[in-house]
Every structure is written in C-alpha cells, then in structure tokens.
Amino acid sequence: MSTVNEIRGSELVLEEVTKIFGTVAAVDQVSLRVAPSEFLTLLGPSGSGKTTLLRMIGGFLSPNSGRILIDGDDVVDMPVERRPTAMLFQQLSLWPHLTVARNVSFGLELRRRPKEEIAQKVRDLLGVVGLSGFEDRLPSQLSGGQQQRVALARALALEPRILLLDEPFSALDTKLRIELRTFVRKLQREVGTTTILVTHDQEEALELSDRIVVLRDGRVEQIGEPTEIYDLPKTGFVAEFLGSMSFLTGSLTARGVRLENGVEVEVQEPFDHVAGTPQIGVRPEDVLVSANEGSGAFVIDRITRKGYFNEIWLSCGGATVGAYVGREVPGSIHSRVDVRMRKIHLFTESGDAIDLDNGNASVAVGGGPGEQSESERAEVQETRR
Amino acid sequence: MSKQSDDGRAVTEGGSLASDQPVAKRPSRRVRRRMRTEGKRGGLASTLAFLPLIFLAVFGGIPIVLSLLLMLGHFGGPNSAVAQLGQGEIPGRGIGTLGAITQMFESHSYQQNVIATVIVFVITGIAVLIIAATLTLWQRLRPSRAMATLQFLAVVPLFIPVVIASFTLWTFWGDRGFTDSSAALLGWSHALIFSGKLQGVILAEVWVSLPFAVLLMRAGVSTLGDSSLDAARDAGAGLFTVALRIALPQLRKECLIVFCFTAVGVLGSFTVPYIIGPSNPLMLGVDAVDTFSNYNQPQQAAVIGFTIFALAGLIGAIYAIGSRSRHVNH
Amino acid sequence: MSITSWTSRSVARPASGVTKVAVRVLEAILFLAAVFFIVVPLAWLVLLAFAKGFTFPSLKPTSFTLQWWHTVLNSPGLLHSVFLSVTITPVVVALSCLVCLPAAYAIGRFEFPGKRLVLLSIFSINAFPRISLYIAMIPMLFALNLMGTVIGVVVVQFIGTILFMTWIPATGFASVPESLVDAARDAGANKFQVFWRVLLPLTRPSIAVAAVLSFLAAFDEAQGTFLVGAPNYLTMPVRMYSLVLDYPVQFAAVFAVVLSIPSVTLLILIRKHLFAGTNAAMHLR
C-alpha cells in the first residue's frame, strides 16, 4: 500500500468542444471520453491546441461551444477553484514566498482542514515525492526537479479526481525528466486518479500513456493505444510525429515496391494491393540494409551516430530512405547496398492511410480500430486496477 | 472522414452519449454571455482603477481648464474667489482676451526669465543623463566596490528634503561659504561662488535630480543581457565601445525618460531656484509664485503657468519623437 | 543582488596593466568628485549646526556650541511644524495606498476599457510641471474652501504621490507569473484569496518601494504646501523657507539637520534593499 490515499478517478467526457481565439479555432469540435483512472496523453506540435484543451478542462478557459462533463456533470460554468481537477504546470508555479510545506498545505488550509490532518498529509506527501526534511525550504532553494516534485505533492494534496499535467517535465534536463516521469506514472497507478498529460514529446507519450490523442490544428488526428498509433498511423502526419517515417512514390508489385526509376524493393510482410501510385511510408526500423559486396541499388548518403545504433540515409534515384542499423554499419559513405523492407504503410495523396492490411484481418478500414484493439484496451485497464 | 469516425467512436465508447445528442451550431445564449465576460476585465477592481482619476480630474484636469479661462480673462464661476483678490486683471469677452499673454511676453524681463529657464533645464537634463549613464554603465561593465559605493552616494540626495538640500548648497557654494573660503585660503578670492547665480541653480538641480535618474538607469542597465555585452567584447570591442555602441542604444528608452523627467522636474521646480537662484533673471517657477502671492496677479501667474506647460509640451514632443524612431528601428 | 553581481563579472575581463591603472585613476577621480559634490556639503551642514561662528576664510569654527540647538528646540512654532510634518505625511501615504493600490492591481492584472485613459492621465499629470499645476489648483481649492486647511495640504501632497503608488505596484502586480495565480485558483482559492495570499505578498517589495518614495515625496513637499497651507499649516520644509531668509545660518542648519532625521533614518533602514527593490520596481519592459 502506498502512503497516499487512493483517489477515485473521474470519468471525463468532452463533447464537440470548440475554442476560438480571434478568428482561429484553437480547438475545433473535439470529442473524447477518458475512462476513470486512465492515463491519457494529448500529443501534438505547438499550436495544435493541446494546452488550450487542457486549460479548458481545468477551467482556466471557457469553450466557445461544447460540453465538458466530469462524471456526467457539465462543468463548463464551474469556476476553476471548485473543479475536482488539479494541474501541474510547466514551470514557475510554486509560490516563492511560501515554504515547501506551506505550498503543499495551501489548498488544505483554504478548505479549513484541521491542523493535525494538514500536517500529517504534508508529511505523507513529501515522503511520497521523496522530499522529507525539505518542509521549511523556500522554492528558490530547490533544484528544478525538486520544485516539480513539490508541485506534484501540492497537486495531489487536493486529492484531484482528474490530474492535469501541462508539459511538467519539459523544463528539466533529460535524466531528471525520465526519472520524474517514471515516478509520476508509478504514482498515478497507485493513486488511481484520472490523468491527462499534454506534451509534444513522443517518447514521453509512448512511455506513459494508456491512450494517446494526436492533435493537429485543433482537431483530433487519431486516438488509440501507443502501440496501435505507432503501428497503424491513420495519417502521414501521425506517422511522422510519432516515430519517423520516410515517404516514397512508386507502384506496388507482387513482391514489393517498384520505385519511379524502376528499381524493385522487396517487402516481407504482406500488404494490400492498391492501384495507382500511393504514398508509400516506411519506418526506419523496417528498412533492412545488407552489404552486397559493393553492389546494390541504394547509396549511403549520410551516417548519424546515435550511440547504441546508427541512423543512415540512403538514396536511389530521387527516393530517400532513412534506416536504423546496429553498431555495425554495412558499408561507409557512398557504398552501394541492398535494401529490403519489413513492412510498409500506404497513404493517399492527401496523407490519409489507405486500407491498412498487414495480414491482420480484424483491422477494418475507415471504421476506426476494430474489436481486437478495443478489447485489448479494456484488458489493459482491467489489469491495472 | 477518418476524423469523424474517430470522434464518433470516442463518443459512443462512453455508452451514454449517442450521436443523437443535439449539438448547437450557434453558441447558446449562456455560451455567448460567457464569451463576453471572458477576457480579463477584473470587475470591481477595474472600477476602482478610476478612483485616482477622480482626484486627478478635480485637482488636476478641471483646475487646468479653470486656469486657462482665468488667463483668457474669464473671472466667473469657481474663478471668482481668486479673481476678487487679483489686481491688474484684463477681462475678456467672447472666447477671451490674449491681453495678459501679450502683456507678459512684451516685457523684457519676462523674456529673460523664459530664456534662463530653458537654459537651466536643458543643461541640467543633459548633465544628469550623462552622469547617471556613466555611473551605472561603469558599474555594469567593470564592477568594483568603489563604483558601487559611488552609486549609493548618488542616491543619497533622494533622502535629503529638497529644501534642506537647497539651503545646504546655498551656504556651501555661497558668499563666505565652504567653497568661497577654500578658494580664499588658496589665494583665489571670490572665484567659487555659485549661489545667487544660474550656475548654482544648475548645480543644485543636478544634485536633487540625480538619485531618481540613477535608480531608473540602474534598473534599465540590469536588464542588459550578458550575452550581448560578452559577444561585443569577443568581437574585440573595448569597454568604452561596448558602453557607447552596444549598451546605450539598448537603453534608449531609459535615457529619454531620464532626460525628460529631469527637464520637466527642473522646469516645474520652485524651491531650488527660490533659495539659490538670482533675483534676475527669475526661473519661471519662482516668477509664478511671486506673481501670484506677492503681486496678487492670478491672471498673469496663469500666463506663466501656461508658459511652463508649453515648455513641458516641447519636452513631451522630444520624448514622443525619440520613442517613435525606436519603433522604426525595430 | 548576488546574481547580478556574479553575472556582471563575466563581462569584466582582465585588462592590460596600463589600462588597469588608468581605470583605477579615473575611478578615484570620479569617486572624489562625488564625495566633494554630495557628501562634503552635508558634512558642512552638520558642522554649521554646531559652530558658533567663522572668521572668513577659515573653515574651522571659532568654537563649538549647542546654543542653536537650544534655541530651535525651545521655539514652539518650530515644534508645531515638526508635529505637523510627522502627522500629515503618514496620512497622505495611507490615503495614497487606499486610492492607488486598487488601481495598481487592476492596471497590473486586467485589461479593461479605459485602462489607457487612466494610465495616460496619471502620467500626463506628472508631466505637468509641479509649480504651474499648483498655481492652477488654487482657484479650485478656493472654490472648495480648502485653502489654508489641513485637507488642502493633504490633497496637494497626495497628488505628488499618485504616480509612484500606481505605476510601481502595477509593474509589481503585472510581473507575478500567471501560473502562480492559476495554481492558486486550482488549489481552490477564490479571487479574493488569490489576491490576499499570493498576489499581495509577492508584490510587497514593489509596494514598499512605492510607499518609501511616496513618503519622501510627501514629507519633502514644500512648494504646494506653502501655497495652500500658509499661514496656518507650516510643515517643516515650508518653515525652512522663512528660516533661510530671516535667521542666522547656524539656526537654520540645526533645523535642517532635525528635518533630515526621518528620511535619513529611512535610508539607513532600507539601504540594503534599495537597489534590489527599485530595480524590480522600475523595469520598463
């Protein structure tokens, strides 16, 4: 058992929520449902409306239209201070004139809880975030990571039924960021509060989330579990934003892809055959490179060391493909190599995924993810509880 | 298409929310009210923001209008109390009379007073600007304990009442004062007397204006980024070049404010020239009070008041032009 | 403070020997000039207050005496001035807080119709030269029967504090990051609690600077007080006018020293926070 009280996470439903700034719809008719105790991530580039959406859920902004329901109650007219939500901000949100303990107890003092209870709770929470003994420090005497831990304790002190995380790790350095987000994920599972994270960091989204919502220009681009979104991106935008993807033009043949210059590249996994010349996407980890004694259709243009692996860029005619290879690069710059592909993704001209069939028949086209992924998700949530 | 199915799926997932939920395309009245009240208006607090405005109107704006009427020869209404005591008044009909104005400006001594006042505020403004900029930039580019102390000393006059300052400097720079005595001891009699002269007024005005200028410049200098200064030094610029070419242009706004603030302060000062200044030419501030209290000529005093306003308007124009060309640069 | 001085050091580089000496010499000259210009006159004032007299051109008094102090401290008129100054100034500062701080809060935190008008009025009244403003004010004060009254004196001094009391706290209020306010509302604080528990404590340094500057401005105000308060309400600075003209220099010097005590005490109390406070309060950007 953890030392923090378990919190009953709320169900959150957004219905056609729209927010207009000037003439631009920052959030455009977004609808989604977040299950109790779920960890949902709003992922998107800056300007995609993810923070605006989060601030509307927290009550800092009102939508121009649409409804926000927490456990079935419309909270659009409920002021921030009365909502059962708590937000962890990007930075600079600890009150600099209050000690760590007073920062954490602020909300409890406002609620006029007994002194003993407050003191106990502050002790517990600071213990949970690993900052026992820091009670009387001022925020200016803490490191960035410690400050965010205090902010987390402060948010949890309110026993929020929905916890809102507004890029809370982005101001920290890499090591601290990974450490703190792992901690947050573990704590969230223990406490059980519904959690919504806003981030532009795909790694963070993939690691933490039960489900990810990819936003683009204020609209939902795709919703799904991390693996589902990664494996079956619905648009080229999603494919490029989560992980990376190279795009080729060419036609499909029985064994693979024929590029515009006539070179044929073998594709191992079965794929649907589409007439015409679709956009062909391939992830770098699905590109298999082999040295063929100096001959081969592709040329190595660039090699980037990434530590435990290498990213190489290959070209063939006008086509460019990125590939991940291990420590051993099969050749050097300007070497000719052979290329095969494990798996490809097909998109229309406008970037929408075409009939994705990687051999798994249960994935229906145009109707969102099929039964299997749906039930898988339910399973994930069951096991967590 | 895919987006719609996405949303649809997400909503049906909740179970309770079917697609037959009516969604208003046009914001409801409640929503529209919300849209209006959003944007941070601050309700009550914003109403209270107008409280100082009431005081400023009653004791600033309206009096200035009344004073204008008085100058033009309208002695009725709230002006009657003053006008009854006044002497040498020139009444006006219709829009009014410019009699008082021409009367004043035709007098040779008044012309002298105006010129003297302009000289004093221009020199003081420039001197204060140079001193404040030197002190603060020096400490920023080459910090030392001596310069830090110097800056502190420059602020000390803020805490000495202006009357005391004027009196002290009057005896210090005066006949048989400190400087006069020191000079005499060196066999150099009557060389360092400034009291009763315009030079003394300028020295004393610099003395009382310096603190605020230093505080303002210091605040501005503290915002200068290290990187821009370091980069200039990397490029081989000496401290003097950095100060003149890199730092000062970034402090344009502060420099303008320091000059204009000082100039207006000097223009509207009474105590310093009253105690230290010569009796001829008179600074306009002293002239105004004299004319009002000693000669009982409120109408003529109003003319002096508006002369001062007009000069302040000139300074304001300098500020406006200076801060506008900044925008062009950006 | 410590951060500024540390970062400043990075700009300073070791200079060559000759430059270093030249800089030191220049610094010394500037320093001595400042001491002569600012400190020596004040020391001269104190010397005058204890001197029996001087034989020109000697700078050494013929002898030291406390007789001027006796005379000053035994003249009831002067004591009345001290009493007036010490009571009127705090009233003015309090009035200024009451009227201007809500305005500063609104200007710093909100966008409302008329905000520019308020700001523009406050600044332009201060751009008007003081003395002609006072001259213009007199007919109004006559009409309101405030000439020669204590209320008139309070009003005249109050006008001189409005800029400090609105502008400086307004920048203070505006510099509180939005996220601190959001976090407080998130924690359940209503608007009043946000103001009282977060905004006000964080703005305290700005308000303190504003209060100090207002105190000095009001305490120091002689021109307007003289025009409005005379002959009934002669505060200490106003009394100085007649002392300078009609009494021995030493007598006025004693009174000047007495008159400087409150503000110099204030200076000594806040000397450590002076620059940090004003730096934060006077940011223009």
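The values are calculated or read from the model by the stated rules, or taken from the named source; none is laboratory data. Just so you know, these numbers come straight off a predicted model, no measurement behind them. With ideal geometry, Cβ positions are generated from the backbone for all residues, glycine too; neighbour counts draw on all protein chains shown. Heads up: the accessible areas ignore ligands, DNA and RNA and are worked out on the full protein's heavy atoms, side chains in. Shrake-Rupley method; radii C 1.70, N 1.55, O 1.52, S 1.80 Å.
Scanning segment C:68-82 for residues that are surrounded by 13 or more Cβ atoms within 10 Å (Cβ to Cβ) and either closer than 17 Å to C:THR225 by Cβ or not aliphatic (A, V, I, L, M) (or both) yields C:TRP68, C:TRP69, C:THR71, C:SER75, C:LEU78, C:HIS80, C:SER81, C:VAL82.
Consider segment A:92-101. How many of its residues are under 34 Å from the mean Cα position of the chain (by Cα) and at the interface with another protein chain (Cβ under 10 Å from one of its Cβ atoms)?
First pass over segment A:92-101, keeping only residues under 34 Å from the mean Cα position of the chain (by Cα): A:92-96, A:98-101.
From what's left, at the interface with another protein chain (Cβ under 10 Å from one of its Cβ atoms): A:92-96, A:98.
So the answer is 6.
Taking segment A:269-288 as the range and being open to solvent by 30 Å² or more (accessible area, probe 1.4 Å) and without any contact (Cβ under 8 Å) to a residue 60 or more places away in the chain as the test, the residues that pass are A:HIS273, A:ALA275, A:GLY276, A:THR277, A:GLU285, A:LEU288.
Where in segment A:267-334 are there strands (runs of 3 or more DSSP E), lying fully within it, with 1 or more residues that are farther than 25 Å from A:ASP352 by Cα, within 31 Å of the chain's Cα centre (by Cα) and not basic (Lys, Arg)? Break it down stepwise before answering.
Values: elements: A:279-282, A:287-291, A:298-305, A:310-316, A:319-325.
In segment A:267-334, A:287-291, A:298-305, A:310-316, A:319-325 are the strands (runs of 3 or more DSSP E) which contain 1 or more residues that are farther than 25 Å from A:ASP352 by Cα, within 31 Å of the chain's Cα centre (by Cα) and not basic (Lys, Arg).
Checked against (1) at positive phi; (2) without any contact (Cβ under 8 Å) to a residue 60 or more places away in the chain, B:GLY73 passes all but a single condition, namely (2).
Right, A:VAL30: more than 15 Å from A:SER209 (Cβ to Cβ), within 14 Å of chain B (Cβ to nearest Cβ), open to solvent by less than 20 Å² (accessible area, probe 1.4 Å) and free of Cβ contacts under 8 Å to residues at least 24 places away in the same chain or not? Judged against the criteria, A:VAL30 is not a match.
What about B:VAL208, is it open to solvent by less than 20 Å² (accessible area, probe 1.4 Å) and not basic (Lys, Arg)?
On the way: open to solvent by less than 20 Å² (accessible area, probe 1.4 Å): no; not basic (Lys, Arg): yes.
Answer is no for this residue.
No other residue among B:VAL266, B:VAL272 is within 14 Å of the chain's Cα centre (by Cα), open to solvent by less than 10 Å² (accessible area, probe 1.4 Å) and hydrophobic (A, V, I, L, M, F, W, C) apart from B:VAL266. Selection of segment A:10-60 for residues being over 20 Å from the mean Cα position of the chain (by Cα) and in a loop (DSSP other than H, G, I, E, B) yields A:SER10, A:GLY22, A:THR23, A:GLY59, A:PHE60. A Cβ distance below 6 Å, combined with a sequence gap of six or more or placement on separate chains, defines the contacts here; from segment A:302-321, residues that are in the same structural domain as A:GLN279 (by TED's automatic domain parsing) and touching a residue at least 24 places away in the same chain (Cβ under 8 Å) reach residues that are surrounded by fewer than 16 Cβ atoms within 10 Å (Cβ to Cβ) and in a strand (DSSP E or B) in the pairs A:GLU311/A:THR304.
Taken over segment C:152-178, the residue count meeting the criterion of being farther than 21 Å from B:PHE50 by Cα and either of a type in the set (A, V, I, L, M, F, W, C) or touching a strand residue (DSSP E or B) at 6+ places or on another chain (Cβ under 9 Å) (or both) is 2.
Residue count for segment B:56-94, restricted to those that are assigned to a helix (DSSP H, G or I), open to solvent by 50 Å² or more (accessible area, probe 1.4 Å) and not aliphatic (A, V, I, L, M): 3. Per the conditions (1) more than 15 Å from B:THR47 (Cβ to Cβ); (2) open to solvent by 10 Å² or more (accessible area, probe 1.4 Å); (3) more than 7 Å from chain B (Cβ to nearest Cβ); (4) of a type in the set (A, V, I, L, M, F, W, C), the sole criterion not satisfied by C:LEU101 is (1).
Out of C:LEU48, C:LEU95, report the one residue that is surrounded by 21 or more Cβ atoms within 10 Å (Cβ to Cβ) and at the interface with chain B (Cβ under 10 Å from one of its Cβ atoms). So the residue among C:LEU48, C:LEU95 that is surrounded by 21 or more Cβ atoms within 10 Å (Cβ to Cβ) and at the interface with chain B (Cβ under 10 Å from one of its Cβ atoms) is C:LEU48.
Taking C:LEU180 as meeting all but one of (1) open to solvent by 10 Å² or more (accessible area, probe 1.4 Å); (2) more than 13 Å from chain B (Cβ to nearest Cβ); (3) of a type in the set (A, V, I, L, M, F, W, C), write down the number of the exception. So C:LEU180 meets the others, but not (1). Number of residues in segment B:189-218 that are at the interface with chain C (Cβ under 9 Å from one of its Cβ atoms), in contact (Cβ under 8 Å) with a residue 60 or more places away in the chain and not in a helix (DSSP H, G or I) equals 0.
Residues are listed down the side, and each one gets a yes or a no for (1) open to solvent by 20 Å² or more (accessible area, probe 1.4 Å); (2) within 24 Å of A:ASP28 (Cβ to Cβ):
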{"site": "A:THR194", "(1), (2)": "no, yes"}
{"site": "A:GLU204", "(1), (2)": "no, no"}
{"site": "A:VAL214", "(1), (2)": "no, yes"}
{"site": "A:ASP217", "(1), (2)": "yes, yes"}
{"site": "A:THR227", "(1), (2)": "yes, no"}
{"site": "A:GLY250", "(1), (2)": "no, no"}
{"site": "A:GLU264", "(1), (2)": "yes, no"}
{"site": "A:VAL267", "(1), (2)": "no, no"}
